[in-house]
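What follows is a set of notes on a single structure, which appears directly below.
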Amino acid sequence: MALGVGKVIADGATYIGPVPPQTSSMDGTGLIPEKIAEKIPTGRDRRLRGYFWHPDSEVRGVLVFVHGLGDHAARWGDFASGVCASGWAVLGFDLPGHGRSPGKPGRVDSFDGLLADIATAVESARARYPQLPIVLMGHSMGGNLALNFALRQTGTDAIDADALPLAGLVLAAPMIQPPQSLPRPIIMAAWLTGHLFPWLRFRRPIDVSELTGDEAEAAAIRADPEMHSEISMYLATQLVSQGRWALDHARDCKTATLVMYGEDDTLIDKTACDHLAIRMGESATLVKWPETRHALFHERSRPAVLDRLTKWLNQRAM
């Protein structure tokens, strides 16, 4: 349901099948099977691994995608193909310490540094398609980052505001706050530990059943050697504090925003998503998916979820 701030989706959406996308490389390096890896310069003495998927048809816009904790961009190839089938190019990249980007798993230098990495990806998309709309999308932790990025396009040293007008923002199962099922004493203990020992990392084994009920997708996640479940105490505390900051400033976001999550998601605070959409007001559309877990684009309901996304994207291209 939409809580008065968006549209309720209809049942029985049309499936958009994966179409092999056209790919290209900014610097011609790093060819891997079926994709061409793109090195995205960050200006901070490293280059992140990125992927640019291009449609066969005329390009209507570019979706810049930010993955979640322990994930990596190449795993979203089928998703990118579905988006390409609607005429949108997709730029995804591996965050530091994820996938094939440099860095220790789950460890980052600074939260602002992650926002700067997103800024670089958006600038890369803008350089490739300077006249087309750019939409930023984040899943899970990436949703937290994307939201903070959109809110901080002005007034922060991490982002060059002059080059970053976003046509839209998509928050898929955004981890704005930890799930309410997590005991508050544990959160407070983690908060204190994170401030005293920010470099410490901990690992929470991936329970694939919390991500998806699709057995084929679950098997693929288990077999993926580039998936991990490590996070530093610094990053954990930053996600909570910056998520709270974003909630407090949600009314300042004037960017058209699509917020989606699964009603069976146990890894995020779904109430925080509801509050976010309410505070954003008319700029937000909230969609809840029944019988859907955290990885809503890798769930059995993914055809309908993808259809809803691409229809919303095409409204941004009008």
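The values are calculated or read from the model by the stated rules, or taken from the named source; none is laboratory data. Here the structure is a predicted model, which means the values were calculated and not measured. No Cβ is skipped: glycine too gets one built from the backbone with ideal geometry, and neighbour counts run over all protein chains shown.
What pairs come up if the first residue lies in region 263-290 and is aromatic (Phe, Trp, Tyr), the second is in a loop (DSSP other than H, G, I, E, B), and their beta carbons are under 6 Å apart, counting only those six or more places apart or on different chains?
Trp289/Ser301
Please work out which residue is surrounded by the most Cβ atoms within 10 Å (Cβ to Cβ), limiting yourself to region 98-115 and to residues that are part of a helix (DSSP H, G or I) and hydrophobic (A, V, I, L, M, F, W, C). Explain how you work it out, then say what you get.
In the first step, residues of region 98-115 are kept if they are part of a helix (DSSP H, G or I); the result is 111-115.
Now narrow it down to the ones that are hydrophobic (A, V, I, L, M, F, W, C): 111, 114-115.
Numbers: Phe111: 19, Leu114: 24, Leu115: 21.
Only one residue tops the list, namely Leu114.
Return yes when Gly99 is at pLDDT below 95, on the phi > 0 side of the Ramachandran plot and touching a strand residue (DSSP E or B) at 6+ places or on another chain (Cβ under 8 Å) and no when it is not.
Yes, satisfied.
Just give me the residues in region 99-119 being of a type outside the set (Gly, Ala, Ser), closer than 26 Å to Leu309 by Cβ, in contact with a Leu (Cβ under 8 Å, 6 or more places away or on another chain) and in contact (Cβ under 8 Å) with a residue 40 or more places away in the chain, in sequence order. Quick ask: steps written out before the conclusion?
Taking region 99-119 first, the residues of a type outside the set (Gly, Ala, Ser) are 100, 102, 104-105, 107-109, 111-112, 114-115, 117-118.
Restricting the remaining residues to those that are closer than 26 Å to Leu309 by Cβ gives 100, 114-115, 117-118.
Filter again for in contact with a Leu (Cβ under 8 Å, 6 or more places away or on another chain), leaving 114-115, 117-118.
Those that are of a type outside the set (Gly, Ala, Ser), closer than 26 Å to Leu309 by Cβ, in contact with a Leu (Cβ under 8 Å, 6 or more places away or on another chain) and in contact (Cβ under 8 Å) with a residue 40 or more places away in the chain: Leu115, Asp117, Ile118.
I'd like the full set of residues that are in contact with a Leu (Cβ under 8 Å, 6 or more places away or on another chain), assigned to a helix (DSSP H, G or I) and within 17 Å of Gly213 (Cβ to Cβ), limited to region 274-307.
Across region 274-307, the qualifying residues are Phe297, His298, Arg302, Val305.
If you check Thr310 against the conditions, is it under 28 Å from Gly87 (Cα atoms), assigned to a helix (DSSP H, G or I) and polar (S, T, N, Q)?
When the stated conditions are applied, Thr310 passes them.
Cβ-Cβ below 6 Å, separation at least six or inter-chain, first residue in region 293-312 and farther than 14 Å from Val259 by Cα, second outside any helix (DSSP H, G or I) and among the aromatic types (Phe, Trp, Tyr): which pairs?
Ser301/Trp289; Pro303/Tyr15
Quick one: His67 ticks every box in (1) modelled with pLDDT of 50 or more; (2) over 20 Å from Glu123 (Cα atoms) bar one, so which box is it?
Answer for His67: the failing condition is (2).
From the residues in region 127-147 that are assigned to a helix (DSSP H, G or I) and in contact (Cβ under 8 Å) with a residue 60 or more places away in the chain, which one is surrounded by the fewest Cβ atoms within 10 Å (Cβ to Cβ)?
Arg128
Which fully enclosed strands (runs of 3 or more DSSP E) of region 153-258 have 2 or more residues being at pLDDT below 90 and surrounded by fewer than 16 Cβ atoms within 10 Å (Cβ to Cβ)?
The qualifying strands (runs of 3 or more DSSP E) are 201-203.
Give the residue, chosen from Ala250, Ala219, that is in contact with a helix residue (DSSP H, G or I) (Cβ under 6 Å, 6 or more places away or on another chain) and not aromatic (Phe, Trp, Tyr).
Values: Ala219 fails: in contact with a helix residue (DSSP H, G or I) (Cβ under 6 Å, 6 or more places away or on another chain).
Among Ala250, Ala219, only Ala250 is in contact with a helix residue (DSSP H, G or I) (Cβ under 6 Å, 6 or more places away or on another chain) and not aromatic (Phe, Trp, Tyr).
Does Arg251 fit the bill of being under 19 Å from Leu166 (Cα atoms), of a type in the set (Lys, Arg) and touching a Lys or Arg at 6+ places or on another chain (Cβ under 6 Å)?
So Arg251 passes the test.
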